[in-house]
Amino acid sequence: MGRAELAAKQMVQQQLRDRGIRDERVLAAMQRVPRHLFVPDVDIETAYSDHALPTAEGQTISQPYIVAYMTELLRIEPSVKVLEIGTGSGYQTAVLALLGAQVISVERHAGLADRARVALNQVLPGEMGAGVQVVVGDGTVGYPLASPYDRIIVTAAAPRVPGAYRKQLAEGGRLVLPVGDREKQVLTVVDRKKDEFVESQGLTCRFVPLVGEDAWGFGE
Ligand code: SAH
């Protein structure tokens, strides 16, 4: 077993399984995605460590546990259509794709989107790569073109639930996003049952801000 594979195995056991992540499909996907290819310029041990890590443009790749926790909450079944806001490194995108989701991922920094596309092309088997689209734009308005979505995941901190996400969520769909202030947020789940939206709250977390028309203003 290579160093990266071993580091991934330890990450899954110690950071995920031992801390209560139960979904075997999520655990298997996180074992398979080579996280070090999404965080260039660090050694293998750091890439798989129990931390969020800096990427370009002052952004971060989330801590493995948070990626697993949010993915578990999303209950991905093969071929569900997922809207992801905040592509960042593309690591979370890769995990969703390996679970069989069709992913449209929106990133506001074109440079990050480019890098993420390169990494995703490298790690995803052909047909899964074809199921992933990285789009540059302001994700606070969602991505109406391909709506409705079975799932929506936002990996940047929102001051409230942007209205577009409720509109673009399919009946029976689920939205997961961190809601709070700039320092601290609560992972929030919104389930759509017909035209009713049921909200519940999970872990406390800390994400970089969602910046755009329906979130934090520019320059804030
Ligand atoms: N899930 C990512 C981490 C994302 S960090 C990973 O696995 O690496 C949050 C990302 O959200 C950053 O890349 C940031 O540029 C992006 N972002 C912030 N506001 C956004 C917006 N309005 N639309 C799209 N992306 C946004």
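The values are calculated or read from the model by the stated rules, or taken from the named source; none is laboratory data. All values derive from a computational prediction rather than experimental measurement. Every residue, glycine as well, gets a Cβ built from its backbone with ideal geometry; the counts of neighbours run over all protein chains shown. Just the protein is used for accessible areas: all its heavy atoms, side chains included, with ligands, DNA and RNA removed. Shrake-Rupley method; radii C 1.70, N 1.55, O 1.52, S 1.80 Å.
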(message) Please state the shape class of region 126-220: rounded when a/c is under 1.5, otherwise prolate if a/b exceeds b/c and oblate if not, all from the C-alpha gyration tensor.
(response) oblate
(request) Quick one: which residues, 5+ away or cross-chain, put their amide H under 5 Å from the amide H of LEU203? H built at 1.01 Å from N. (result) LEU187
(request) Evaluate the distance, in nm, between pseudo-label points positioned 7 Å from the Cα of GLU77 and of ASP43 along their respective Cα→Cβ axes. (result) 4.5
(message) Quick check: Cα centre of region 118-187 to Cα centre of region 94-112, how many Å?
(response) 8
(message) Testing the spin-label approximation: label points 7 Å from Cα along Cα→Cβ at ALA170 and ARG22. State their distance in nm.
(response) 2.5
(request) Go ahead and run the numbers for FRET between ALA56 and GLN201, Cβ-Cβ distance against an R0 of 25 Å, rounding to 0.05. (result) 0.20
(message) Restricting everything to alpha-carbon atoms, can you work out Rg to Rh for region 52-205 with a Kirkwood hydrodynamic radius?
(response) 0.93
(message) Using DSSP to call loops (not H, G, I, E or B), can you name the trypsin sites (Lys or Arg not before Pro) in region 1-99 whose Cβ has at most 13 other Cβ atoms within 10 angstrom?
(response) ARG22
(request) Measure off, as a whole percent, the carbon and sulfur share of the 1.4 Å-probe accessible area of region 52-205, all protein chains present. (result) 50
(message) Charges at C-beta only: +1 for Lys and Arg, -1 for Asp and Glu. How large is the resulting dipole of the chain about its Cα centre, in Debye rounded to 20?
(response) 360
(request) Find how much the distance from ALA146 to ALA4 grows on full extension, using 0.36 nm per residue of separation minus their present alpha carbon separation; answer in nm with one decimal. (result) 47.5 nm
(request) Let me see the pair-distance distribution of region 1-83: every alpha carbon pair, 10 Å bin width, integer percents in order. (result) 18, 49, 30, 4
